[in-house]
Amino acid sequence: MTVEIPRKIVFLAPFGIRPKGTVLARMVPLAAELQTLASEVVIIAPPYTNPEDSGKVEEVRGVRLVNVELPGGGKVVSTLLLVWRMFRAALAERPDLVHLFKPKGYAGLAVMLMIFLRRIGVRMPPVVVDTDDWEGKGGMNELHPYSGAERAVFEFQERWLLPNADAVTVASRELEKMTGELRGKRDALYLPNCVEQGGAGETTSMREKHGIPASAPVLLLYTRFFEFDQERLHDVFSRVRRLAPEVHFLVVGKGRRGEEAQLQEAAARLGFVSALHLAGWVEPAELPSYFAAADVAIYPFDDNLLNRCKCPAKLTELIRAAVPVVADRVGQVAEYVKDGETGILCPPGDRECMATQVAGLLHDPQRRVALGAAGRDYLLRDFSWQLFAPRLQQLYLQLLPSRQLFK
């Protein structure tokens with residue numbers, strides 16, 4: 001039986017909607033855009049990151065989000081129960097297709113069960129797997145304090161799910177290449193993190209909140225810190241301070257390993273502590289006002305496998321807000337920034353380049369405004385969810401005509 005569109009799609013989330021960003025930054029806007037194309041999308045999440053929402057069904061931007069009820073018991077038993085509940089919740093929606101986001105974890109095990117059951121003759125919906133990070137060796141496994149057993153499971157899941165899914169979507173060109181190798185050169189759909197039109201924040205409130213003079217130039221760092229060497233950041237800030245003595249540094253984001261304290265100590269040692277303002281983690285609704293307070297942003301990005309595979313959503317947020325960005329030319333960053341036209345790219349790890357380019361922009365208001373506006377226009381034109389959602393729907397359609405609808 002052929003269909004013109006998939007009538008219902010289930011997105012399986014890797015974790016809850018709070019506080020991590022994948023669900024809000026990638027899954028929700030994509031689901032919302034697909035719904036404008038007449039498909040119903042339901043997100044099913046294991047809310048272990050926000051256990052207060054266990055068992056709760058909510059609506060986010062018109063998309064139904066089902067928080068699976070978290071089980072009790074020991075780790076092994078609770079893991080098996082949560083996987084089973086995600087599996088049952090997905091099938092209870094009677095979906096035409098299931099799209100797994102991140103080839104790992106509880107949702108990954110639920111999809112592995114679907115694939116296995118189909119192989120032994122049980123009717124199951126087609127499965128698409130999305131990857132926006134490299135999870136195994138050299139990737140996210142190296143970043144998180146997982147146990148040895150967890151690392152082994154996640155690496156196995158990634159290497160099994162990507163070649164065995166009906167189709168794969170990838171968030172970066174590097175993942176496109178690596179996934180192609182795993183799938184025997186079968187194509188994956190390039191599905192980068194995209195943007196929507198967003199409102200501008202107002203300029204003065206965050207400057208006043210952090211005691212930054214209205215006339216002072218502001219360099220913004222919007223970060224989770226793990227993507228670059230901390231000593232390099234300290235040195236870049238110090239160099240910028242020497243080249244632009246009036247500058248203030250506004251840092252938005254929370255580290256995992258005391259990076260803020262390290263930065264504070266370095267600022268005291270290197271002489272820019274009076275210009276350093278640490279905002280920590282802030283509510284998403286406040287971000288536009290932080291972006292509006294910035295004159296320039298930096299995006300340091302070390303050249304390693306983890307970063308080459310990443311699709312940095314924080315970078316897209318900065319560019320969409322028309323903040324001119326100076327970034328390392330690594331991986332997906334070079335897809336989002338056209339050097340000299342929509343931002344500035346530096347050779348990876350080049351401290352002098354980053355500091356010099358930042359200082360140049362701080363001293364050239366006309367150029368930074370032009371770069372910021374061009375960056376926003378480029379992103380909204382070439383990296384919008386409105387542009388990529390129909391491409392994803394076409395991928396779905398390729399999986400459905402030869403199959404009966406799942407009913």
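Values in this text are rule-based calculations from the coordinates and carry no lab data. The model shown is predicted, which means the values in this text are computed figures rather than measured ones. Don't worry about glycine lacking a Cβ; one is built from the backbone with ideal geometry, like all the others, and counts go over all protein chains shown.
Here H234, H99 are placed in order of increasing Cβ neighbour count within 10 Å, fewest first, which gives H234, H99.
Relative contact order for the range 334-405: what percent, with Cα pairs under 8 Å and sequence separation of 6 or more?
On the way: 30 pairs, mean separation 20.9, N = 72.
Relative contact order comes out at 29 percent.
Taking label points 7 Å from Cα along the Cα-to-Cβ direction, R269 and W160 give a separation of 4.6 nm.
Contour minus end-to-end for R18 and V76, with contour as 0.36 nm per residue of separation and end-to-end as the Cα-Cα distance? Walk me through the intermediate numbers first.
Working: separation 58, 0.36 × 58 = 20.88 nm, distance 2.39 nm.
Difference between extended and current length: 18.5 nm.
Ordering F15, F116, F237 from the fewest to the most neighbouring beta carbons within 10 Å gives F116, F15, F237.
Let me check I've understood the local charge: for K104, count other residues with C-beta under 13 angstrom from its C-beta, Lys and Arg +1, Asp and Glu -1. What total comes out? Could the numbers behind the result be given before it?
On the way: positive: K102, R151, R159; negative: D130, D132, D133, E135, E150, E155, E158.
Charge balance near K104 sits at -4.
Is it possible to state the helix-based mean residue ellipticity at 222 nm for the chain, with each DSSP H run of 4+ residues giving -39500 (n - 2.57), the sum divided by total residues, to the nearest 500 deg cm²/dmol? What is it? Spell out each step's value before the answer.
Numbers: 16 runs with 174 residues, N = 407.
Calculated mean residue ellipticity at 222 nm is -13000 deg cm²/dmol.
When both bridge partners sit in the chain, DSSP labels roughly 10% of those beta bridges antiparallel. Which entries in the list K56/K314; K209/K254; K185/K314 go over 22 Å, if you measure between the two C-alpha atoms of each? From K56/K314; K209/K254; K185/K314, over 22 Å: K56/K314; K185/K314.
In the range 204-382, Cα pairs under 8 Å separated by at least six residues give a relative contact order of 23 percent. With r defined as the distance between the Cβ atoms of E286 and R123 and R0 fixed at 45 Å, what FRET efficiency is calculated, to the nearest 0.05? That gives a FRET efficiency of 0.40.
For helix 75-92, report the angle its Cα long axis makes with the longest principal axis of the Cα atoms of the chain; keep it between 0 and 90° and round to the nearest 10°. Between helix and principal axis, roughly 70 degrees. Relative to the longest principal axis of the Cα atoms of the chain, the long axis of helix 385-399 makes an angle of roughly 20 degrees.
Taking every DSSP beta bridge that has both residues in the range 4-149, what percent is antiparallel when rounded to the nearest 5? Of those bridges, close to 20 percent are antiparallel. Short-range pairs are left out: with C-alpha atoms under 8 Å and at least six residues apart, the relative contact order of the chain is 17 percent. Within the chain, C194, C309, C311 have no other Cys Cβ under 4.7 Å of their Cβ and so lack a disulfide-compatible partner by this rule.
Please arrange V77, V323 by how many other C-beta atoms lie within 10 Å of their C-beta, fewest to most. Can you show the working numbers first?
Details: V77 11, V323 25.
Final ranking by Cβ density, sparse to dense: V77, V323.
What do you get for the angle between helix 173-182 and the principal long axis of the chain? Use alpha-carbon atoms, 0 to 90 degrees, nearest ten. Taking the Cα atoms of the chain, the angle to 173-182 is about 30 degrees.
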